[in-house]
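K.L.:
Next up is a structure, given as structure tokens.
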Amino acid sequence: MFKYITERHILTIGTKTKIALSLIFLLLVILASFFIGSVKIPFYTVMEIMISQVPVLGGMFHFHFTSIQHEIVVLLREPQIFSALVIGASLGVGGAVIQSIFKNPITEPYVIGISSGAAFGAVATIVLGIDILGIYSIDLMAFVFSLVVVYLVYFLSFRHGKVPIVYLLLMGIAVSLFVSALVAFMVFSNVRLQGDVFFWLMGSLQQITWTELGIITAVNVLAIFVSIIYSRELDAIQLGEEYAHTVGVNVEFTKILLISVIAFGVSACVAVSGLIGFVGLIVPHVCRLIYGGTNRIVIPTSAIIGGIFLILSEDAAHAFISGEVIPIGIVTSLVGVPFFMLLLSRLSRGSYDA
Amino acid sequence: MMLEIRGVSFSRGNFRLKELGLNAQNGDVVGIVGPNGSGKSTFLRIIAGILKKESGEIRYNDRDINEYQHMERPRIISMLSQETPNPFSFTVSDVIGTAGYFTGRPPEGIKRSLRKLGIENLYKRQFSQLSGGEKRLVMLATLIYQDADVCLMDEPFSFLDVDKSTKVFRIVRSLKDENKIVVVTMHDINMIWNLCDSVLLMKNGSMVASGTPEEVINEENLQKTYGIPFSHYDSPEGPRFVPSEFLSNSGKFSSITAELFGKYER
């Protein structure tokens, strides 16, 4: 079947059509995902439960579903599917923005310290038994430490009143390794808790509540909105910071603003889901290969493709072994890498030669 | 239009620029010449506002350049850097378009600037697939599209074949005809006569001499700048300066070639 995904087929469609098709595909994927899981719920029942949730409309009909069905759809499947959408979008856009700022195709949001900081906060909470916000203690600590590490990296990178990108990248890697060593030490000295820590580090959407979903959605809608507004500045920065300066971009302001919104958005996601790798690295490339063009296209489509990709991965996590859910961080790489390799060989049109 | 630069100094580590200055009016082409590492590019970056000078003034139309609003500056100063960017999936028109984002240049200008260079066939091509020389020309097209009053060009002739560097030459001339101020760093001492209204000779971050090509380009100043002896011969377009050892009959050059050819013959 792969031979049908050829250059000509995908390229002859206009960019707007491609985006419209992707949005339709996203909707279908969301809908289809309600039917994947160990308990089978009929299509009609899912529709009924969803309608019952709509404020005014919900009171107008008499519905026939059990409270268990209602719970599975509303408390398990909906938060999982929508959090997959939000987290996928967040990581995808984060990747597109960070790759543009670093002018480097192998960077992702985690390189500025988000992942190691969040892991530190989460592991410290688990290991030290910190309880400041009940069940949300891990979320809060992971979020706070993620931001602490990002800003530490940023301010350590200042040279002559600017933040040179190479310093930022190296400092990000160095600080991340240091913090990861601290995490490893905490885990090492608390063998009893290694299981809990391990599952957090793998990444999972199983435990996400509506409260968490609400918060990460709010933060990430803002982050994606700001990234889209600043996509032209990012285009210019991709052509070199000096160039961007001479065409009228306030380079340092743009960098700190975008790194901040991405750090807030991605940190919030990582705090509730744990570490989900690969999405931030690959999704922007997939978008560049499918749609091409500048950040005006790559950033919004990274949100769409990131969402689709993570929802599908979550579905696969449920479907691989029945009755068991594999951590989604494992699935993203298992499913994503072969797909990405296929796309790279079929569609690159030499964009990555040089 | 008037660009006045006086007493600009700058230092970073061991590298220093000392008391550099230049004056230019509309329609002037100023050449900056000097050895690699003499601070030509740094000086251009300071004029462009990328690096902050430690002292001195840069005035444009009798106003300090820092007094201009952030959004006004891209209309005043543009710069062609030596580095060739490597954006991920941009087409040529995407690349050039970025130069007009913040100055509100109309998108029709993108094609026009490519046409000026005779490369409008590249319009829809992927930037990453172009040859090195084509990429440089596209970056020059961004400068034309940006349409600023002062055009700074950092070694625009380097790495180009004869056809392409002629195109660059023609563009510098046409910018001059459009009454812009062009400041260009270069290594071809003899092109200065045909291109520049004034010249700044630099060495180790300091000025060796400045003035018209007739005043500045002579054996003594060139030897001071490059540390090797120069000779000249007359041509219909004016005197041509070359390192003495390149001239035939002056001993060394011919002896080197003799040595080389001798080896091949054996």
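K.L.:
Running a GNM on chain A with Cα contacts under 10 Å, which residue among A:T217, A:T107, A:T17 ends up with the highest mean-square fluctuation?
P.N.:
Ranking A:T217, A:T107, A:T17 by mean-square fluctuation puts A:T17 first.
K.L.:
From the residues A:I114, A:L343, A:S189, which one has its Cα farthest along the dipole of chain A in the positive direction, the dipole being from +1 and -1 charges on Cβ of Lys/Arg and Asp/Glu about the Cα centre?
P.N.:
A:L343
K.L.:
Please give the total accessible area that chains A and B bury against each other, computed with a 1.4 Å probe and expressed in Å² to the nearest 100.
P.N.:
Working: alone 17200 and 13660 Å², together 28130 Å².
Heavy-atom accessible area buried at this interface is about 2700 Å².
K.L.:
Roll a 1.4 angstrom probe over the protein heavy atoms and tell me the percent of accessible area of chain A that is carbon or sulfur. Working shown, then result.
P.N.:
Numbers: 11600 of 15830 Å².
Taking all protein chains in place, chain A shows 73 percent carbon and sulfur surface.
K.L.:
Let a ≥ b ≥ c be the square roots of the eigenvalues of the Cα gyration tensor of segment A:240-301; is it rounded (a/c under 1.5), or, if not, prolate (a/b larger than b/c) or oblate? Before the final figure, lay out the partial values.
P.N.:
On the way: a/c = 2.99, a/b = 1.31, b/c = 2.27.
Since a/c reaches 1.5 but b/c is at least a/b, the shape of segment A:240-301 is classed as oblate.
K.L.:
In deg cm²/dmol, rounded to 500, what helix-only [θ] at 222 nm does the protein assembly as shown give when every DSSP H run of at least 4 residues adds -39500 (n - 2.57) and the total is split over its residues?
P.N.:
-17000 deg cm²/dmol
K.L.:
Which of the peptides B:201-207, B:85-91, A:26-32, A:175-181 is most tightly packed, and how do the rest follow, going by the mean number of other Cβ atoms within 10 Å of each residue? Write out the running numbers ahead of the final one.
P.N.:
Numbers: B:201-207: 19.1, B:85-91: 22.6, A:26-32: 14.7, A:175-181: 16.3.
Per-residue Cβ counts within 10 Å, averaged per peptide and sorted highest first, yield B:85-91, B:201-207, A:175-181, A:26-32.
K.L.:
Please compute, over every Cα-Cα pair in the protein assembly as shown, the percentage with a separation greater than 35 angstrom. Let's see the in-between values first.
P.N.:
Numbers: 99206 of 191890 pairs.
Percent of Cα pairs beyond 35 Å in the protein assembly as shown: 52.
K.L.:
Another one. Kyte-Doolittle mean at least -0.5 and Cα extent at least 30 Å along the axis: which DSSP H helices of chain A qualify?
P.N.:
On the way: long enough: A:78-102 (35 Å, 1.32); A:165-188 (34 Å, 2.64); A:251-273 (32 Å, 1.94); A:295-319 (35 Å, 1.04).
The answer, listed by residue number, is A:78-102, A:165-188, A:251-273, A:295-319.
K.L.:
Whole number in Å², please: accessible area per residue of segment A:15-348, 1.4 Å probe, ligands, DNA and RNA not counted. Don't jump to the answer; show the numbers that get you there.
P.N.:
On the way: 14110 Å² over 334 residues.
That works out to 42 Å² per residue.
K.L.:
Using the beta-carbon distance between B:N121 and A:F178 and R0 = 45 Å, what value does 1/(1 + (r/R0)^6) give for FRET efficiency, to the nearest 0.05? Before the final figure, lay out the partial values.
P.N.:
On the way: r = 52 Å, r/R0 = 1.15.
Rounded to the nearest 0.05, the efficiency is 0.30.
K.L.:
Now for a different question. Please report the net charge: other residues with Cβ closer than 14 Å to the Cβ of A:A119, K and R +1, D and E -1.
P.N.:
Details: positive: none; negative: A:D139, A:D196.
Neighbour charge sum, excluding A:A119 itself: -2.
K.L.:
What figure in square angstrom, to the nearest 10, would you give for the accessible area of B:D62 with a 1.4 Å probe?
P.N.:
B:D62 exposes around 110 Å² with every protein chain in place.
K.L.:
Another one. Say we join alpha carbon atoms closer than 10 Å with springs in a Gaussian network model of chain B; which of B:M79, B:M71, B:M139 then has the biggest fluctuation?
P.N.:
For chain B, modelled as a Gaussian network with Cα springs under 10 Å, the answer is B:M71.
K.L.:
Let me ask something else about it. Pick from A:G172, A:G336, A:G58: which residue has the top mean-square fluctuation in a GNM of chain A where Cα pairs under 10 Å get a spring?
P.N.:
Highest fluctuation of the listed residues: A:G58.
K.L.:
Further question on the same structure: Count, for each residue of A:293-306, the Cβ atoms from other chains sitting within 10 Å of its Cβ, then give me the mean as a whole number. It would help to have the intermediate numbers written out before the result.
P.N.:
Numbers: counts 5, 10, 5, 2, 2, 2, 0, 0, 0, 0, 0, 0, 0, 0.
Averaged over the peptide's residues, the number is 2.
K.L.:
Partner chain Cβ atoms within 10 Å, averaged over the residues of A:92-104 - can you pull that number for me? Mind showing how you got there, number by number?
P.N.:
Details: counts 0, 0, 0, 0, 1, 0, 0, 1, 2, 0, 0, 4, 2.
The mean count of partner-chain Cβ atoms within 10 Å per residue comes to 1.
K.L.:
With a/c under 1.5 counting as rounded, go ahead and sort segment B:30-161 into rounded, prolate or oblate using the C-alpha gyration tensor (a ≥ b ≥ c being the square roots of the eigenvalues; past the cut-off, prolate if a/b is larger than b/c, else oblate). Numbers along the way, then the final one.
P.N.:
Numbers: a/c = 2.24, a/b = 1.41, b/c = 1.60.
Because a/c hits 1.5 or more and a/b fails to exceed b/c, segment B:30-161 counts as oblate.
K.L.:
Please list, in chain and number order, the residues 5+ apart from B:V184 or on another chain whose amide H is under 5 Å from its amide H, with Hs placed from the backbone.
P.N.:
Distant-sequence amide H within range of B:V184: B:V30, B:G31, B:I32, B:M153.
K.L.:
State whether segment A:184-257 is rounded, prolate or oblate according to the following rule on the C-alpha gyration tensor (a ≥ b ≥ c being the square roots of its eigenvalues): a/c under 1.5 gives rounded; otherwise a/b larger than b/c gives prolate, and the remaining case gives oblate. All intermediate terms of the calculation are to be shown ahead of the outcome.
P.N.:
Values: a/c = 4.56, a/b = 2.01, b/c = 2.26.
Oblate.
K.L.:
Tell me which of B:Q82, B:H70, B:G21 sits at the most positive position along the dipole axis of segment B:1-93, charges placed on C-beta atoms (Lys, Arg +1; Asp, Glu -1).
P.N.:
About the Cα centre, the residue reaching furthest to the positive side is B:Q82.
K.L.:
Angle check, please: helix B:162-177 long axis (alpha carbons) against the longest principal axis of chain B (alpha carbons), in degrees 0 to 90, nearest 10.
P.N.:
Once rounded, the angle reads 60 degrees.
K.L.:
Could you tally the net charge around B:E237, taking each other residue with its Cβ under 14 Å from the Cβ of B:E237, Lys/Arg +1 and Asp/Glu -1? Write down the numbers at each step before the final one.
P.N.:
Numbers: positive: B:R240; negative: B:D188, B:E214, B:D234.
Neighbour charge sum, excluding B:E237 itself: -2.
K.L.:
How high is the relative contact order of segment A:15-348, in percent, with contacts defined as C-alpha pairs under 8 Å that are six or more residues apart? Display every interim value, and only then the final one.
P.N.:
Details: 484 pairs, mean separation 96.1, N = 334.
Result for segment A:15-348 is 29 percent.
K.L.:
Follow-up question, since we're still on this one. Under unit Cβ charges (Lys, Arg +1; Asp, Glu -1), what dipole magnitude, rounded to 20 debye, does chain A have relative to its Cα centre? Please report the intermediate quantities before stating the final value.
P.N.:
Values: 16 positive and 18 negative charges, 182 e Å.
Value, rounded to 20: 880 debye.
K.L.:
Obtain the nm distance between the two label points defined at B:D188 and A:R192 by a simple spin-label model: each point lies 7 Å from its Cα along the Cα-to-C-beta direction.
P.N.:
Result for the modelled spin labels: 7.9 nm.
K.L.:
So what is the relative contact order for segment B:176-229, in percent, with contacts set as C-alpha pairs under 8 Å and at least six apart?
P.N.:
Values: 42 pairs, mean separation 12.3, N = 54.
The value is 23 percent.
K.L.:
Which Cα, out of A:V249, A:L213, A:I305, lies furthest along the positive dipole direction of segment A:15-348 (beta carbon charges, K/R +1, D/E -1)?
P.N.:
A:V249
K.L.:
Take every Cα-Cα pair in segment A:15-348 and report what % of them are more than 30 Å apart. Show your work: numbers first, answer last.
P.N.:
Values: 20570 of 55611 pairs.
Distances greater than 30 Å cover 37 percent of the Cα pairs.
K.L.:
If each of A:N250 and A:F25 carries a label point 7 Å out from its Cα toward its Cβ, how far apart are those two points in nm?
P.N.:
Result for the modelled spin labels: 3.9 nm.
K.L.:
Put a dot 7 Å past each Cα toward the Cβ at A:L170 and A:I321; how far apart are the dots in nm?
P.N.:
4.4
K.L.:
For Cα pairs less than 8 Å apart in space and 6+ apart in sequence, what is the mean separation divided by the residue count of chain B, i.e. the relative contact order in percent? Present the calculation step by step, with values, prior to reporting the outcome.
P.N.:
On the way: 463 pairs, mean separation 62.7, N = 266.
RCO, chain B: 24 percent.
K.L.:
Students often check this: by mean Cβ neighbours within 10 Å, which of A:36-45, A:282-291 ranks highest, and how do the rest follow? Don't jump to the answer; show the numbers that get you there.
P.N.:
On the way: A:36-45: 13.3, A:282-291: 25.3.
So the order, starting with the most tightly packed, is A:282-291, A:36-45.
K.L.:
Continuing with the same structure: From other protein chains only, count the Cβ atoms within 10 Å of every residue's Cβ in B:120-127, then give the mean.
P.N.:
Values: counts 0, 0, 0, 0, 0, 0, 7, 2.
Mean partner shielding for this stretch: 1.
K.L.:
Now, a different point. Quick one: which residues, 5 or more positions from B:M202 or on another chain, have an amide H under 5 Å from its amide H? H modelled 1.01 Å from N in the peptide plane, none for Pro or chain starts.
P.N.:
Correct list: B:V33, B:G34, B:V208.
The values are calculated or read from the model by the stated rules, or taken from the named source; none is laboratory data. Fair warning: this is a prediction, and the values are worked out from it, not measured in the lab. Every residue, glycine as well, gets a Cβ built from its backbone with ideal geometry; the counts of neighbours run over all protein chains shown. These accessible areas exclude ligands, DNA and RNA; they are computed on the full protein's heavy atoms, side chains included. Shrake-Rupley method; radii C 1.70, N 1.55, O 1.52, S 1.80 Å.
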